[in-house]
Amino acid sequence: MGEQIRPVTRKFIEPPPSTSSIVRPVARKFEGAETLEGAGVRLRRMFSGNEVPLLDPFLLLDNFGSSNPADYLAGFPWHPHRGIETVTYMLNGEVAHEDSLGNGGRIGSGDVQWMSAGSGILHQEMPQRTEGQLAGFQLWVNLPRRLKMEVPAYRGLRANGIPVVKTPDGGVVKVVAGTFDGVKGPVREIPVDPTYLDVTVPKESEFSLPVPAGQTVFAQTVDGTGRFDAHPTTRGLSTASAGEAVLFGEGDRVQIQAGGEGLRFLLVAGRPLHEPVAWYGPIVMNTQSEILEAARELQRGTFIRSPRVVREE
Ligand code: CO
């Protein structure tokens with residue numbers, strides 16, 4: 001398949017006359033599908049390949065959550081990635097990891113691993129036996145064409161390095177990436193300008209955040225139930241409970257109302273890339289020939305180009 005270069009269309013839109021803003025409606029709801037991944041990990045895949053154009057620049061979201069070690073102990077033994085970033089956020093439990101950059105260690109409760117595979121890494125991610133529930137998420141964020149073959153980069157963030165903002169109504173917002181209430185998250189200089197927040201809203205309280213028009217925004221519910229927009233036309237779509245996710249439509253603000261038990265959710269936003277996607281397993285490029293090239297390099301043992309380590313801890 002040849003490369004497609006789209007003409008750039010510029011739209012000039014008058015800014016709104018006052019401070020009025022458009023609340024983003026809920027465009028779609030995801031319940032997730034039970035999936036067997038890695039060497040036999042049972043997880044819920046919230047979205048993936050079929051939803052690609054909708055969620056650009058996000059490619060995939062996996063929700064791990066089980067109190068049965070047989071569901072996760074097989075883990076994700078050595079495998080490659082190229083052309084994407086993988087973002088692992090553990091809510092409870094531990095994942096042991098090791099990679100071809102020379103990184104290794106544990107991702108523990110509340111920790112985040114933001115890994116940019118660039119031209120290629122090999123790594124393994126092995127959930128450890130946990131008392132109670134192992135819970136966490138892995139999000140795949142696409143890289144723009146110009147950075148897909150860049151030097152890989154790795155960020156390992158401990159829970160205590162993630163700023164926590166307390167709101168006047170008793171809410172709690174952990175800022176991994178992007179800005180909330182003037183507080184900037186530690187993950188910066190990511191090509192799609194992401195926002196990644198872990199938000200807890202007390203019962204019947206409201207959470208509101210400006211999100212630039214044009215960005216893709218979704219929320220993944222962790223606990224409780226909430227109403228994710230106030231549009232009467234989206235009734236039925238707009239309420240989501242633990243384990244469900246919603247994709248927002250156009251607007252410049254999200255407005256979320258917690259139900260009677262309170263609400264915890266991840267709020268993730270980013271700038272779409274509008275580039276062709278060629279996807280094979282853990283490798284996501286722009287063209288089929290780049291996928292074939294990656295497969296050839298894996299066979300020949302030339303896949304890993306850059307042993308340089310970029311560390312931020
Ligand atoms: Co991986």
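Points to keep in mind about this one:
- The stretch 150-170 and the stretch 226-297 have Cα centres lying 20 Å from one another.
- Portion, in percent, of the accessible area of the chain that falls on carbon or sulfur, probe 1.4 Å: 51 percent
- Isotropic mean projected area of the C-alpha convex hull, the chain (nm²): 17.0 nm²
- At a probe radius of 1.4 angstrom, the accessible area of the chain per residue rounds to 47 square angstrom.
- Protection proxy ranking of 250-261, 30-41, by the mean of other Cβ atoms within 10 Å over each peptide's residues and highest first, is 250-261, 30-41.
- Net +/- balance of residues flanking residue 72 in space, Cβ distance below 14 Å, scoring K and R +1, D and E -1: -4
- Restricting attention to the chain, the count of lysine pairs at 8 or more positions apart or across chains with alpha carbons under 16 Å apart stands at 4.
- With all protein chains modelled, accessible area of residue 149 [1.4 Å, Å²]: 80 Å²
The values are calculated or read from the model by the stated rules, or taken from the named source; none is laboratory data. Keep in mind the model is a prediction, meaning the values are calculated, not measured. FYI the Cβ positions are ideal-geometry reconstructions off the backbone, even for glycines, and counts take in every protein chain you see. Note: areas computed on protein heavy atoms with side chains; ligands, DNA, RNA excluded. Shrake-Rupley method; radii C 1.70, N 1.55, O 1.52, S 1.80 Å.
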